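**Student:** After the structure tokens below, expect a handful of questions from me.
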Amino acid sequence: MKKGFVAVLVFVWVNAFGQDPHFSQFFSSPLTLNPAYTGKFDGNFRVAGNYRNQWPTINNAFTTATASADFAILRNRIPYFDTWGVGIMGLNDQSGNKTLTNNFLSVSTAYHKALDEDGFHTLTVGFQGTYANKRLNLLKLTFEDMLQADGFTGTTREDFVSNNDHIALNYFDVNAGILYSGSTNGFNNFYVGVSSYHINQPKESFRGGNYIMSQRYTIHGGGYIHIGRITTLHSSFLYQQQAKASETVLGAAIAFSLGDDEDLDASLYTGLWYRFGDAFIPYVGIEFSGLRLGYSYDVNNSSLNSASNSRGGNEISLIFVRRPAEPGRKKLRCPKF
């Protein structure tokens, strides 16, 4: 039953429209959220990684992994509080127990322009180019007209553009975004961003049609403030829409400082996000010496409960920021969640 359900999911994806892979911890996957995040951090370079296993009870229905790295360039040739960032990202997404495999390689750049003499407020414009490769394993697909007395042993009449066991398509994609980030005192931060994906609307079809990929629009924002001597409140929201599909996520986490050493920057995080109409997302994380490790688990509460057994998915995130060893340096307050 699970195998059949996964086949249906993949078939719907191929014949209807493909939604982009997404993470519940969108705040820990900067280059999949908005190209304007490229280079927006307090340090020399940043590496990030994410892994998501959605609906694990349905035979690996969806698994997604990504890795990225970004850094600043031309530091000595642009204004002191300006930043020019470049980055690279790879993403692998598999559906239906590897029936459909998507691979993406992206290069992005963003310029962060300081709006005041202290660098508290910045406005960013970012761009991203992506090469996409998608492969469909026909041997793992089953269709209703293949059903025989001894199982799915017949031949389907579904028409694909290839008679091989695998068919593939490739295309180039263009994404862009803007981001505003600000602080009132240098110790808090608030931000809002807008991004658009598939601006060039590439063609995507395994069946020889002229399906045009729908653009994805994203609005996101958040911030953090200190609410005690050792506690900080982080909050964030996300709204995105692609074709007729949309999602809204809202939540917050509290960070508990584990020491007074600012360079160690050790904190424990606990929080909860909610994807409206779909799942509660409890989150825990730990941060020390520029490394933040986070874990979340989607508790599904939608109409898919009967198939998923209320299990939405495990997700792990990792972000490491290498900070310069410069005593007395001015810290940049950047978006964090």
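What follows draws every value from the coordinates through simple rules; no lab data is involved. If you're wondering where the values come from, they're calculated on a predicted model, not measured in any experiment. Note that we place each Cβ from the backbone using ideal geometry, even for glycine, and neighbour counts take in every protein chain shown.
**Student:** Would you please name the trypsin sites (Lys or Arg not before Pro) within the stretch 206-295 that are DSSP coil residues with at most 10 other C-beta atoms within 10 Å of their C-beta?
**Tutor:** 229, 244
**Student:** Among 167, 319, which comes first, second and so on when ranked by fewest other beta-carbon atoms within 10 Å?
**Tutor:** 167, 319
**Student:** Rounded, prolate or oblate, given the Cα gyration tensor of the stretch 164-227, with a/c below 1.5 counting as rounded?
**Tutor:** prolate
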